[in-house]
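> Here it is: the structure, laid out below.
The values are calculated or read from the model by the stated rules, or taken from the named source; none is laboratory data. Keep in mind it's a predicted model, so treat the numbers as computed, not measured. Here the Cβ is made from the backbone with ideal geometry for all residues, glycine too, and neighbour counts use every protein chain on show. Ligands, DNA and RNA are stripped out before the accessible areas are found, and what is left, the full protein with its side chains, is counted by its heavy atoms. Shrake-Rupley method; radii C 1.70, N 1.55, O 1.52, S 1.80 Å.
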Amino acid sequence: MNPKLVLVSGGSRGLGAHLVTHFLESGHAVGTFARSKTPLMDELAERFPGRFEFFAADAGDLPSLTPFVDRLIERHGVIHALVNNAAIGQDHLLVHTPPDMIERIIATNVTAPILLTRLVLKRMLLQSEGGRVLNITSICGLKGYNGLTVYSATKGAMDAFTRSLAHETSGRGILVNAVAPGFFESEMSSVLSPDQLDTIKRRTPTRQLTTDAQLLPVVDLLLFTDTNITGQTIAVDGGVTS
Ligand SMILES: NC(=O)c1ccc[n+]([C@@H]2O[C@H](COP(=O)([O-])OP(=O)(O)OC[C@H]3O[C@@H](n4cnc5c(N)ncnc54)[C@H](OP(=O)(O)O)[C@@H]3O)[C@@H](O)[C@H]2O)c1
């Protein structure tokens, strides 16, 4: 296996933490950032010395993230992949969602990943070794849900971004895709009651929530396999959007 450098946004917990751990266990070098450090970040730094770097930063803080990305490249060589995973959710009907919250969801889930992608893409293009961009979107970008209007709009926006960016980068060996998970257990989905989770399970053709483990093979395929897949959103949702 050829070790590669992967940058994951929001790797401190939830799906991001599973992705970071999996990439490290697979032998890759990983950089991640989030606003707060979790104990797992220190554990991973100890378990994988020299291959893991955590940086405390807000996804919208490009002036801080730029030197972090450059430091990663300096230490670990060419950057192979960016996984735009960090996002915040929503738990209110639109009429009860304050305007500043709407702006924060859009800034975190759309503006920040687009700016980070631009930053990383420039470096990938200079390296001339191709690369991968993977956006973690959601079934909410493909299907309607109460209380998730703004969140859904941001995920649909990232799916559209994925398609057009894939066209811009196609001649340069850079594949751009999105994975749209169904609901899985994490802090973000902890606002769902056991009753709501049961309803989601009942309405899912496979009768189960998505798990991190079920997302990993799809992520590996899109990041580390020589495929001709680009511009796609792949739903991993037990058939909910089929
Ligand atoms: N959970 C679900 O059911 C579900 C379903 C479909 C898709 N998704 C998508 O899957 C991805 C991961 O979700 P998750 O459930 O694992 O979320 P999570 O448990 O809430 O974790 C989110 C991660 O992003 C970081 N983050 C959030 N806002 C940030 C900011 N402004 N700057 C930097 N880092 C930030 C968080 O750390 P800090 O808070 O410390 O910054 C954390 O590391 C998201 O894109 C989400 O939309 C989730």
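> Can you list residue pairs whose Cβ atoms sit under 9 Å apart, with the first residue in the stretch 1-19 being on the phi < 0 side of the Ramachandran plot and without any contact (Cβ under 8 Å) to a residue 60 or more places away in the chain and the second being part of a loop (DSSP other than H, G, I, E, B) and among the basic types (Lys, Arg)? Count only pairs 6 or more apart in sequence or on different chains.
Listed pairs, sorted by first residue: Pro3/Arg51; Ser12/Arg35; Ser12/Lys37.
> As an exercise: evaluate Val191 against (1) closer than 24 Å to Gln90 by Cα; (2) out of contact with any Phe, Trp or Tyr (no Cβ under 8 Å at 6 or more places or on another chain); (3) surrounded by 15 or more Cβ atoms within 10 Å (Cβ to Cβ); (4) among the aliphatic types (A, V, I, L, M) and give the number of the one condition it does not meet.
Looking at each condition in turn, Val191 falls short on (3).
> Restricting to the stretch 209-229, name every residue that is open to solvent by 40 Å² or more (accessible area, probe 1.4 Å) and either among the aliphatic types (A, V, I, L, M) or more than 13 Å from the ligand (Cβ to nearest atom) (or both).
Scanning the stretch 209-229 gives Ala213, Pro217, Asp220, Leu221, Phe224, Thr225, Asp226, Asn228, Ile229.
> With respect to the numbered conditions (1) of a type in the set (Ser, Thr, Tyr); (2) open to solvent by 50 Å² or more (accessible area, probe 1.4 Å); (3) in contact (Cβ under 8 Å) with a residue 12 or more places away in the chain, which one is the sole condition not fulfilled by Tyr145?
Among (1) of a type in the set (Ser, Thr, Tyr); (2) open to solvent by 50 Å² or more (accessible area, probe 1.4 Å); (3) in contact (Cβ under 8 Å) with a residue 12 or more places away in the chain, the lone unmet condition for Tyr145 is (3).
> Being within 14 Å of the ligand (Cβ to nearest atom), outside any helix (DSSP H, G or I) and surrounded by 22 or more Cβ atoms within 10 Å (Cβ to Cβ) is the filter here, so list the residues in the stretch 27-72 that pass it.
Listed by number, the residues that qualify are Val30, Gly31, Thr32, Phe33, Ala34, Ala59.
> Scanning the stretch 86-102 for residues that are closer than 16 Å to Ser152 by Cβ and part of a helix (DSSP H, G or I), which turns out nearest to the ligand (Cβ to nearest atom)?
Checked the stretch 86-102; the qualifying residue nearest to the ligand (Cβ to nearest atom) is Met101.
> Give the residues of the stretch 148-182 that are crowded, with 22+ Cβ neighbours inside 10 Å, of a type in the set (Gly, Ala, Ser) and without any contact (Cβ under 8 Å) to a residue 60 or more places away in the chain, sorted by residue number.
Answer for the stretch 148-182, where residues must be crowded, with 22+ Cβ neighbours inside 10 Å, of a type in the set (Gly, Ala, Ser) and without any contact (Cβ under 8 Å) to a residue 60 or more places away in the chain: Ala178, Gly182.
> Let me spell it out: the conditions are (1) within 15 Å of the chain's Cα centre (by Cα); (2) in contact (Cβ under 8 Å) with a residue 60 or more places away in the chain; (3) within 15 Å of the ligand (Cβ to nearest atom); (4) open to solvent by less than 10 Å² (accessible area, probe 1.4 Å), and Ala81 meets all of them except one. Which number is the exception?
Answer for Ala81: the failing condition is (3).
> If you don't mind, another one. Mind listing just one residue for me: the one in the stretch 120-143 that is in a helix (DSSP H, G or I) and under 20 Å from Asp226 (Cα atoms) and, of those, farthest from the chain's Cα centre (by Cα)?
Gln127
> Another question about this same structure. Name the residue that is most open to solvent (accessible area, probe 1.4 Å), counting only residues in the stretch 231-242 that are farther than 14 Å from Ile136 by Cα and of a type in the set (Val, Ile, Thr).
Thr241
> With respect to Val83, determine if the residue is within 24 Å of Tyr151 (Cα to Cα) and part of a helix (DSSP H, G or I).
No, not satisfied.
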